[in-house]
């Protein structure tokens with residue numbers, strides 16, 4: 001059994017923790033005011049769970065805010081962008097299916 005304590009990796013910008021042939025899971029931490037750059041588009045679906053913090057999220061033409069406890073599903077081929085709009089680090093768990101990285 002492959003287990004990972006995500007909190008041991010809190011503070012790292014991005015790391016893949018687990019992977020199979022069909023999916024991979026990782027974490028990302030964005031400091032206050034930091035963002036994901038110009039944004040991303042993936043060939044597979046991405047699921048983001050906000051563990052701690054507050055994010056501004058842009059997905060396609062939609063945008064809004066998401067707080068700890070929020071689950072976001074980003075369909076394949078959708079341009080997306082995250083920015084830490086809170087006053088603490090934004091810590092997320094993310095799953096890609098199929099693997100992207």
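Only the coordinates and a few stated rules stand behind these numbers; no lab work does. In this text the structure is predicted, and so the values were computed from the model without any measurement. Note: ideal-geometry Cβ built from the backbone for every residue, glycine included; neighbour counts use all protein chains shown.
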Exercise for the section: Starting from the stretch 28-48, keep only residues that are in contact (Cβ under 8 Å) with a residue 24 or more places away in the chain and at positive phi, then list their pairs with residues that are outside any strand (DSSP E or B) and surrounded by 13 or more Cβ atoms within 10 Å (Cβ to Cβ) whose Cβ atoms are within a distance under 9 Å, requiring at least 6 positions of separation or different chains. Expected result: 33/85; 39/79
Practice task
Taking residue 9 as meeting all but one of (1) on the phi < 0 side of the Ramachandran plot; (2) within 13 Å of the chain's Cα centre (by Cα), write down the number of the exception.
Solution key: (2)
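Matching residues to (1) within 10 Å of the chain's Cα centre (by Cα); (2) over 26 Å from residue 3 (Cβ atoms):
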site	(1), (2)
31	no, yes
38	no, yes
58	no, yes
70	no, no
76	no, yes
81	yes, yes
84	no, yes
91	yes, no
95	yes, no
Practice task
Kindly check whether there is at least one residue in the stretch 86-94 that is touching a helix residue (DSSP H, G or I) at 6+ places or on another chain (Cβ under 7 Å), part of a strand (DSSP E or B) and in contact (Cβ under 8 Å) with a residue 24 or more places away in the chain.
Solution key: yes
